[in-house]
Amino acid sequence: MNKIPVILFLWFILITVSANGSNSSEWQICVTDPSGYTGITLASGRIGLVSSASPFKIKSVILNHVFDDYVYNKSQQLKTSRVLEGINFAGLDLIIDGDTVSSGNITNWQQVLDMKKARLVTSFIYKDKARISYSVYALRGMPYSGLTDVEVESLKQDINISVSGEIVCPSGYRQIVQTFKVLQDNDRFMPLLQTVAQSPAGKHTLAATAAFVFDNFSPEQKEEVNSPFKHSLTFHKKIEKNTTFRFAWEGAICTTGNFSDPQSESERMAIYILCDNKQSVIDGHIRKWDQLWQGDIEIEGDDESQKDIRLALYHLYAFSCPGSGLSISPMGLSSQGYNGHIFWDAEIWMFPPILVFHPDIAATMLDYRYNRLDKARQKASCYGFRGAMFPWESDDTGEEATPTFALTGAFEHHITADIGIAFWNYFQVTGDLRWLKEKGFPVIRDVAEFWVSRSVKNPDGTCSIRNVVGADEYAQNVDDDAFTNGAAKLVLTDAHRAAEMLEEKTDPAWTEIADHLKFYTFGNGITREYKGYDGQIIKQADENMLAYPLQLETDTTVILKNLVYYEGKMDKNGPAMGDAILSVLYARLGYPDKAYEMFRKAYIPNKRRPFGALAESANSDNPYFATGAGGMLQAVLFGFGGLEITEKGIIQQHSACLPKSWKKLIIRGVGPGKRTYAVTR
C-alpha cells in the first residue's frame, strides 16, 4: 500500500465521515471492501443507475417501463416483453500522468451511500499523487438525467489529467449513430456527446446525450469513436500541487416510450444542466428527497435495523415516481429481473408502506392499474368471465406478459382481488370520495363482478373458486385456496361497502358469495391451505395471510395455531415475504422475541455485500428485491408499530410490542395528516 502522511490521511477520513453533518451515520452506509461487490441503485423513478466498484463506472442503466420484445426460447421462438437496459451515459475514464486510474492502482477505496441525499460518494487515493472523490446522482427533479460530480486534488506535485466521458450501448442495439456536436448560442459554446440507437428488437428509439460541466474553465474537447457501441469525449488539464479541480459529467436518456422526439429531449436536458444549472439541479434533487424523507422510521437502540429499514425505504422511494402512472416491479430499477413486469408484489407488498407515508405515490401505482382497466376487461371476456381480470405479469400493454410455460399466467387469479383491495385501502386512508367515484369504484366493481363469474355454487349452498394457483405457487391447479378465497371474499365485501357509500347499485351476489366461500380445516381446527392440502412444504405464507393483511381471521387462538403450524411448513429457501407476514402476526399476538426472529429471518440471510442489498431468497443472487423490502417494512409498521388501515384511516390499534434491542420506534409522516406515532418499551 502506498503511504501518505498520517495527518493528511486523518484529515481525509474526517472530511469523508462528516460530509453530511451531525448524525450522518444514521443515514449513511459506508463500505471499504469491494470484494464480492453487489451494486446499489441510484434511481429517480424513471431511470436506475446501478453502481460499480470500479472507479468512475456505472454497471448499467435500467429504464422504468420501457419494454422491448424478448425471446426467451429461441428454438421455439417464444417471447415476452422485457424492460430495457438503456444506453449507459454515466461512465468516465481518468488518466493521471499517462496512467489510467483503476482498481489496481488506488488505495483507501471507499463508497458511502448517503440515503438522505440519495447519492453515492466514492473516494480513494491514486498512488501518492491525488485524492479523488466523486458523487453520483440519479436526479430526482430531472428524472431522465444523471450527474457525476468530481473533485481531483493533487497532493505532492503537479499532475496532468486526461478525462474521458463515455456513452456505451449494450450489445444487441441496432442502427447506432454516434455524434459529437458543438451548439452555439451567442457567445456560449455547448459541446455535446450523443448516441441514438434502436432497441434490440426495434420497438424503441433511444437517445443519450452527455456533456462536461466546468467552473470558469473551457478546455478543448475531442471525440473518439472507441467501437461501434462506444464513443467518448476527452479533455486535458494540468492541476498544480495542493489544489483541487472540480468538474461534472452529466447526461440524459430519453426513449420513444416517453417522448415523440427522444433525441431532442435528451439534448435539451443535457443543455439545461450544462448552462449554469448544475448546482440548482443538485439542490432541487436534495429538496425532493427531503420531502420523501418526511415519511421515515426511526429506531433507537439497534443501529443495524435502523440502517436496514432506511435502505428498504430508500429503495421504494427511489423506484417510484409520483404522477408517472407507473408501478414498481419486484426488482425495481436495479436490473431486468422478472423482465420488469408488474406483479401482485406491487399491491400486496410494496403498496402498503408507500400508502402509509406517501399517498401521492400510492395513487400513481393505482393509476397504473386504472389506465389498463379496459385490457383487464378484455382478458376477462376472453376467458368467459365478467368484469375485469388483471394479468399476473403486466407490462406497458396491460395484457398478460407471463411466459407461456408458467402456469401462474393462466391461473394465479388472486392478483385481481389484490388490486381491488389496494384500491379500497387507498380510499380508506385518503377518504377521497371523488377519487372513489371516478377511479376506485369502477375498478372495485369490475373486480367483484369477475369473482361473481369466477366462483361456482356447490350443492350444499357454499361457493368455491376452483383450479387456481395461490400465493403458495408450489400448489398448482388447486381448489379453494385459502388466500385466493379470502382475497375474493374481502374485495366482494369492499365492493358492497363502496357502492353503498356512493349510492350506486349493488349486486346481491357480492355479499352472497362473500358469505359462502368455502374454507377447509383439519380435524384439530387448523385451516387447510386449500382443499386436499395435507402438510406439504409451501413456498410462502398463504393461509396465514387470512389474518394479515386480509384480517378475516380474527380469533387469536386460531391465528396462533395456524401460525405455528405453517411456520414449520414454509420452504427455508422461499422468498422473503412469508417470514415478514409471520413477524407481523407474532407481534400482534404479543410475542416480541418471536416477531423479531421472523423479522430478521425475512431479510438478514438475503443481504448481499457490501451495502446489504436484498436478494429474493437466502440462496439467490438477484438483488435488489423491492418486494422483500416491502414485506420487511410491513413487519415494522403493522407489526411492531401497531398500525392498521381501517375505515377511519391509519390508526395505531395494536399494543406496543418492541424487540428487546429496540428502545423506541418512531414512525413519522403517516397518512395525509403526516402524523407521528411512537412506541416505547
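The values are calculated or read from the model by the stated rules, or taken from the named source; none is laboratory data. Because the structure is a prediction, the values reported are computed rather than measured. Don't worry about glycine lacking a Cβ; one is built from the backbone with ideal geometry, like all the others, and counts go over all protein chains shown. Please note that ligands, DNA and RNA were not included when accessible areas were found on the heavy atoms of the full protein model with its side chains. Shrake-Rupley method; radii C 1.70, N 1.55, O 1.52, S 1.80 Å.
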*Yes or no: Ile537 of a type in the set (Val, Ile, Thr), within 26 Å of the chain's Cα centre (by Cα) and modelled with pLDDT of 95 or more?*
no
_I'd like to know if segment 481-499 contains one or more residues that are small (Gly, Ala, Ser), at pLDDT 95 or above and over 19 Å from Asp446 (Cβ atoms)._
yes
*Search result, residues across segment 626-649 that are surrounded by fewer than 24 Cβ atoms within 10 Å (Cβ to Cβ) and of a type in the set (Val, Ile, Thr)*: Ile645, Thr646
*asked:* The conditions are (1) among the polar types (S, T, N, Q); (2) in contact with a strand residue (DSSP E or B) (Cβ under 8 Å, 6 or more places away or on another chain); (3) open to solvent by 30 Å² or more (accessible area, probe 1.4 Å), and Gln111 fails exactly one of them. Which is it?
replied: (3)
_So, in segment 450-506, how many residues would count as being among the hydroxyl-bearing types (Ser, Thr, Tyr), open to solvent by less than 10 Å² (accessible area, probe 1.4 Å) and closer than 23 Å to Phe343 by Cβ?_
1
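Out of Tyr72, Tyr126, Tyr134, report the one residue that is of a type in the set (Ser, Thr, Tyr), within 27 Å of the chain's Cα centre (by Cα) and over 20 Å from Gly39 (Cβ atoms).
Result of the check over Tyr72, Tyr126, Tyr134: Tyr72.
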*Tell me, yes or no, whether segment 363-375 has at least one residue that is among the β-branched types (Val, Ile, Thr) and in contact with a Gly (Cβ under 8 Å, 6 or more places away or on another chain).*
yes
*Any idea which of Ile354, Ile328 is over 18 Å from Tyr70 (Cα atoms), touching a residue at least 12 places away in the same chain (Cβ under 8 Å) and either assigned to a helix (DSSP H, G or I) or acidic (Asp, Glu) (or both)?*
Ile354
*Given Ala90, Ala130, which one is within 30 Å of Tyr368 (Cβ to Cβ) and either open to solvent by 10 Å² or more (accessible area, probe 1.4 Å) or modelled with pLDDT of 95 or more (or both)?*
Ala90
_Looking for something assigned to a loop (DSSP other than H, G, I, E, B) and either closer than 20 Å to Ile87 by Cα or touching a Leu at 6+ places or on another chain (Cβ under 8 Å) (or both) - is there at least one such residue anywhere in segment 184-198?_
no
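Considering each of Ala471, Ala499, Ala495 in turn, give the residue that is assigned to a loop (DSSP other than H, G, I, E, B) and hydrophobic (A, V, I, L, M, F, W, C).
Only one candidate qualifies: Ala471.
When you look at Lys156, is it over 19 Å from Gly91 (Cβ atoms) and at pLDDT below 95, yes or no?
Yes.
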_So, Phe423, is that one under 30 Å from Val670 (Cα atoms), modelled with pLDDT of 95 or more and open to solvent by 10 Å² or more (accessible area, probe 1.4 Å) or not?_
no
_Looking at (1) buried (at least 24 other Cβ atoms within 10 Å of the Cβ); (2) touching a residue at least 40 places away in the same chain (Cβ under 8 Å), which one does Asn619 not meet, given that it meets all the others?_
(1)
*Could you say whether any residue in segment 234-243 is open to solvent by 20 Å² or more (accessible area, probe 1.4 Å), at positive phi and touching a residue at least 40 places away in the same chain (Cβ under 8 Å)?*
yes
*May I ask you to list the residues in segment 274-328 that are more than 14 Å from Val636 (Cβ to Cβ), basic (Lys, Arg) and open to solvent by 50 Å² or more (accessible area, probe 1.4 Å)?*
Arg287, Lys288
*State whether the residues of segment 93-110 include one that is within 23 Å of Gly146 (Cβ to Cβ), under 21 Å from the mean Cα position of the chain (by Cα) and touching a residue at least 60 places away in the same chain (Cβ under 8 Å).*
no
*asked:* Given the options Ser264, Ser227, Ser218, name the one that is at pLDDT below 95, surrounded by fewer than 15 Cβ atoms within 10 Å (Cβ to Cβ) and farther than 30 Å from Phe357 by Cβ.
replied: Ser218
